1. Across region 92-97, in residue order, what do the Karplus-derived ³J(HN,Hα) couplings come to in whole Hz, using 6.51 cos²θ - 1.76 cosθ + 1.60 with θ = phi - 60° and x for Gly and Pro?
2. Just to be sure I understand the model, the point goes 7 Å from the Cα along the line to the Cβ. What's the resulting ALA103 to ALA177 distance in nm?
3. What are the ³J(HN,Hα) values, in whole Hz, obtained from phi via the Karplus relation 6.51 cos²θ - 1.76 cosθ + 1.60 with θ = phi - 60°, for each residue of region 184-197 in sequence order, with x given for Gly and Pro?
4. Please give the FRET efficiency for ARG323 paired with GLU134, using the beta carbon to beta carbon distance and R0 = 30 Å, rounded to the nearest 0.05.
5. Of the options VAL121, GLN45, ALA19, report the single residue whose Cα projects farthest towards the positive end of the charge dipole of the chain (beta-carbon charges: Lys, Arg +1; Asp, Glu -1).
6. For MET325, which sequence-distant residues (separation of 5 or more, or a different chain) have an amide H within less than 5 Å of its own amide H, given hydrogens modelled in the peptide plane?
7. Using a 1.4 Å probe over the heavy atoms of the protein chains, calculate the carbon and sulfur portion of the accessible area of region 1-133 as a whole percent.
8. State which stretch of the chain is the longest one without any exposed chymotrypsin sites (Phe, Trp or Tyr not before Pro), exposure meaning a DSSP loop state and at most 13 other Cβ atoms within 10 Å.
Amino acid sequence: MTAQSEDTAPDPEALRERARTALLAARDRTTLLTSCVEGPDLTAQHSPLMSPLVWDLAHIGNQEEQWLLRAVAGREAMRPEIDPLYDAFEHPRSERPKLPLLAPKEARGYAAEVRGRALDVLESTPFHGTRLTEAGFAFGMIAQHEQQHDETMLITHQLRAGAPALTAPDPDPVSPAFRGPSEVLVPGGPFTMGTTTEPWSLDNERPAHARLVPPFHIDTAPVTNGAYLAFMDDGGYDNSRWWTPEGWALVRDNGLRSPLFWRREAGQWLRRRFGVTEVVPPDEPVVHVSWYEADAYARWAGRRLPSEAEWEKAARFDPASGRSMRYPWGDADPTSERANLGQRHLRPAPAGSYPAGESPLGVRQLIGDVWEWTSSDFLPYPGFVAFPYREYSEVFFGPDHKVLRGGSFAVDAVACRGTFRNWDYPVRRQIFAGFRTARDGEGA
Ligand SMILES: [Fe+2]
């Protein structure tokens, strides 16, 4: 898709082409993630936190059938008897391995058959008339849904024991080496948060609204492993003063000493990453920390996590025009020069990478690399309307979930933008989440 701001309407045929490309790219990635291991690894549950990979595969097809074939095209259910098996609300992840799931070959065949019909529906559906089809929303939603499950399946691969099944080139080193500044001042005042015009934005990103944000300072790059190690070496996990009561209970009950997947051996910290054990790289953004660990680190550093509104202002506000942009670098879509997205690499890039993706104020890596925990609970924006169903976002609103922003190396560009909101429990550590810190500005 070409550059598009809050003021210009996208061309329907360009959106149709974008939808086709996005659906095909998502399926290529799904195929990679479900063909790089043998059958038993597809049906096994690699962690009680995750579904078997074969569940994700058929669930992707089932959601696509429900929305593109039944809701958009009015077709009959292809296999109504399997709907309950793949309803995420009916069966929690821990129960899914015991269900009579489709076998890998059957699941692949079902998803492929749905896809073939969905591409025909895409060609014949006018991109106007109903909210579901306006600007091709349902097709964009389904491409995003598949990519989100691809990220979930990549987490399953990270949790899987055994030999590596995935490979990807490493990101380039930062050249010239990034030396900061370590923080910038974001001026106080109102900015436009959320969006009304981004065609495939989801209900929780809507509508655009004015938000007053006092001045604050924010890190120009995510917190690195090296910085996090300084917190650990200073007894960060031993001192209750840095932790909320819930965070301290998590540390004590689980014996937390480091980010997930780290272990200490022969005087150094190692980590396991997609089946490979390696020395923890000090210049890379820390990943696999819970919200509680991010919050404790920030307090130890004399700082705090940014609020969700602060994060979005840092990522979208252009002080020159006063306008909110789609991305930190402007309105154009992400490229490999601007952000580490789409599983192109199997790790975050070193802190300070992607100068071409920096915001007007000089903040880097807001998009891609690691999801960033914010201090905010997941709440509706003023004027929120649930669409197309309450279970998409509304049932998750409230104090149980913290907002994550910006996407990780495992997110595809179709499911990542300056307004995109993710949420999870603050105890979660297996997700590709890190953070950056902030502090109040003068007069805040
Ligand atoms: Fe889903």
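The values are calculated or read from the model by the stated rules, or taken from the named source; none is laboratory data. Please read these numbers as outputs of a predicted model, since none were measured by experiment. Using ideal geometry, Cβ is built from the backbone for each residue, glycine included, and neighbour counts are taken over all protein chains shown. Side chains included, ligands, DNA and RNA excluded: accessible areas come from the protein's heavy atoms. Shrake-Rupley method; radii C 1.70, N 1.55, O 1.52, S 1.80 Å.
1. With coefficients 6.51, -1.76 and 1.60, one gets x, 3, 4, 7, 4, x Hz.
2. With each label placed 7 Å out from Cα toward Cβ, I get 5.7 nm.
3. Calculated HN-Hα couplings, in order: 10, 8, 9, x, x, x, x, 8, 8, 9, x, 9, 10, 10 Hz.
4. Once the sixth-power term is evaluated, E becomes 0.80.
5. With unit charges placed on the Cβ atoms, the residue in question is GLN45.
6. PHE317, ASP318
7. Values: 3600 of 6380 Å².
Within region 1-133, the accessible surface is 56 percent carbon and sulfur.
8. Numbers: sites that count: PHE89, TYR389.
No qualifying site falls inside 90-388, the longest such stretch.
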